[in-house]
1. List the pairs whose first member sits in the stretch 131-158 and is within 17 Å of L114 (Cα to Cα), whose second member is of a type in the set (D, E) and open to solvent by less than 30 Å² (accessible area, probe 1.4 Å), and whose Cβ atoms are under 6 Å apart, counting only residues at least 6 apart or on separate chains?
2. Step by step: first the residues of the stretch 102-159, then only those that are basic (K, R) and closer than 25 Å to D181 by Cβ, then the one that is most open to solvent (accessible area, probe 1.4 Å). Which residue is that?
3. Tell me the residue from T205, T230 that is at pLDDT 85 or above and surrounded by fewer than 20 Cβ atoms within 10 Å (Cβ to Cβ), please.
4. Go through the stretch 210-253 and give me each residue that's over 27 Å from M107 (Cβ atoms), assigned to a loop (DSSP other than H, G, I, E, B) and of a type outside the set (A, V, I, L, M).
5. Yes or no: S138 over 25 Å from S65 (Cα atoms), in a helix (DSSP H, G or I) and not basic (K, R)?
6. Of the numbered conditions (1) at pLDDT below 50; (2) on the phi < 0 side of the Ramachandran plot; (3) assigned to a loop (DSSP other than H, G, I, E, B), G291 satisfies every one except a single condition; which is it?
7. State which residue pairs qualify: first residue at positive phi and inside the stretch 213-237, second residue crowded, with 16+ Cβ neighbours inside 10 Å and assigned to a loop (DSSP other than H, G, I, E, B) in any location, beta carbons under 8 Å apart, and separation of 6 or more residues or different chains.
8. Taking only the stretch 72-112 into account, find how many residues are within 17 Å of V3 (Cα to Cα), within 43 Å of the chain's Cα centre (by Cα) and among the aliphatic types (A, V, I, L, M).
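The values are calculated or read from the model by the stated rules, or taken from the named source; none is laboratory data. A quick note: this is a predicted structure, and the numbers were derived from the prediction, not measured. In this analysis, Cβ positions are derived from the backbone assuming ideal geometry, glycine residues included, and neighbour counts consider all displayed protein chains. Remember, those area values only see protein heavy atoms, side chains included, never the ligands or the DNA or RNA. Shrake-Rupley method; radii C 1.70, N 1.55, O 1.52, S 1.80 Å.
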Amino acid sequence: MFVLKVHSVDLERPISVEEDETGFSYASKRAQPPEKLIPSLKLFERKGLIHLYRNSSHSSLPNLSSRSTTLFVVAVPNYFSSLDFIRFCDSRIAHVSEIVFIRNDGMEDRYNVLIKLSDQSAADGFYKNLNGKKYEPSEAEVCHILYVMSVEYTEFDELAASPPVGFTELPTCPICLERLDPDTSGIVSTLCDHSFQCSCTSKWTYLSCQVCRLCQQQDEILSCSICGKTENVWACLVCGFLGCGRYKEGHSIRHWKETHHCYSLDLRTQQIWDYVGDSYVHRLNHSRIDGKSVEMNNRCLSHEGECGLCECSEDTGISGAIFNSKVDSIVIEYNDLLASQLKAQRQYYESLIVEARSKQESSIAEAVEQTVGNKMQELQIEIEKCEKEKNDITEVNRKLIKEQDTWRKKAKEIEEREAALLVAKDSFIVDLEEQIRDIKVFVEAQKTLKNMSSDLDGIREGTVLPVPIKDEPVSSVRRQKKSNRRK
């Protein structure tokens with residue numbers, strides 16, 4: 001089951017047989033235009049880039065559920081003109097209602113044809129009579145016809161390159177299609193599998209397919225487009241991208257995941273790997289027993305199921321070729337898998353060692369950082385505490401200095417007050433001492449007068465003289481004691 005998407009910014013342009021007669025025609029010198037063309041036949045020409053998709057869950061070989069009234073002719077050689085193609089259709093052209101010639105300026109060696117027929121029986125007859133038939137007996141190109149379920153035209157390249165759900169893209173190069181097995185490509189009849197420098201690819205004039213050009217350049221050393229590795233290089237069968245295999249850097253499988261181009265050609269063994277089906281899908285036309293070419297058994301194409309008519313039950317030696325090829329593929333796959341697993345294990349354990357070292361270093365660095373941080377935090381707290389104590393002591397000292405000046409003033413005032421009190425006391429004491437002395441003198445005089453009262457007449461004419469005091473005055477003694485205390 002196939003689906004077509006055409007990236008085209010052009011519109012269908014009606015053409016006529018007379019227009020094509022003036023151009024170069026491969027058979028123009030030996031054939032004349034068809035005598036009769038049905039009036040309802042419409043001929044169109046359109047430019048665009050074709051994307052061919054197949055249902056990845058079903059076989060591409062025609063069956064009752066995959067047939068349709070629209071046929072797609074893959075890669076008609078450019079030397080075969082439109083008129084030549086109509087002649088090639090012969091009597092089957094009477095059942096054709098519309099033909100669209102789709103050309104691509106980037107592919108000068110071929111063009112494609114889209115044919116719409118009137119009913120299913122006409123389409124089956126067209127397919128049975130012309131599929132696998134050579135365009136010219138002397139040339140190598142074979143007509144390959146596919147049943148197409150739908151055709152979509154779009155102006156956007158991204159939309160045309162996006163496969164429908166459940167579909168995978170196929171190459172439109174006939175040589176690359178013939179490399180694939182019939183279940184994948186839908187192409188049954190082929191004379192060659194186009195591997196190991198076959199000569200048929202050189203018959204194409206321009207070789208617009210990049211994969212075919214790479215297969216012809218066997219002397220050149222091809223490398224991965226991303227990493228440059230020259231070992232185990234695979235080519236995308238759809239776009240020609242060169243990438244290393246999954247057992248190197250895996251750029252080929254990355255390309256599949258990014259673009260959904262699932263078919264990749266091993267340039268060393270010419271085998272084709274399907275990433276979706278996870279298996280090889282190349283056509284096997286060489287016997288591994290004797291190295292000779294063998295003919296592929298065609299699947300039964302009889303819609304009535306009469307296998308005896310198409311002789312599909314005959315064994316022509318392909319079973320042994322398939323078996324030996326599968327064994328070789330399994331051995332190669334096992335060796336590559338073993339090497340990749342050993343490499344993956346080595347890388348895994350090396351990554352574990354590196355991870356353990358990095359974890360240890362990170363844990364040590366984290367512990368050191370945490371310890372230093374805690375220590376710095378403690379020191380910062382201690383510094384803040386000391387700063388606070390310093391500020392408190394400074395404040396206390398300032399207050400003490402201020403109070404000291406105050407107390408000094410008070411002490412000075414008290415000393416001055418005491419000195420003044422002492423002077424006042426001393427003067428008062430001196431006055432008291434003089435008064436006491438006077439009293440003593442008076443008392444002694446009274447005593448003397450009393451004792452001399454009997455001799456009043458003798459005293460009357462006498463003179464009073466002062467009597468010297470024998471004892472030291474009290475005030476002088478107190479002053480001396482006070483001076484001693486101060487010393």
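1. Within 6 Å, the pairs are Y135/E141.
2. Going residue by residue through the stretch 102-159, those that are basic (K, R) are 103, 110, 116, 128, 133-134.
Okay, now just the ones that are also closer than 25 Å to D181 by Cβ, so 110, 128, 133-134.
Numbers: R110: 16, K128: 168, K133: 92, K134: 76 Å².
Checking each candidate, the answer is K128.
3. Answer to the check: T230.
4. We begin by selecting, within the stretch 210-253, every residue over 27 Å from M107 (Cβ atoms); these are 221, 227-232, 244-250, 253.
Keeping just the survivors that are assigned to a loop (DSSP other than H, G, I, E, B) gives 221, 227-232, 245-250.
Matches in the stretch 210-253: C227, G228, K229, T230, E231, N232, G245, R246, Y247, K248, E249, G250.
5. So S138 does not fit the description; no.
6. Against the list (1) at pLDDT below 50; (2) on the phi < 0 side of the Ramachandran plot; (3) assigned to a loop (DSSP other than H, G, I, E, B), G291 comes up short only on (2).
7. Matching pairs, first to second residue: N232/G245; N232/Y247; N232/K248.
8. 4
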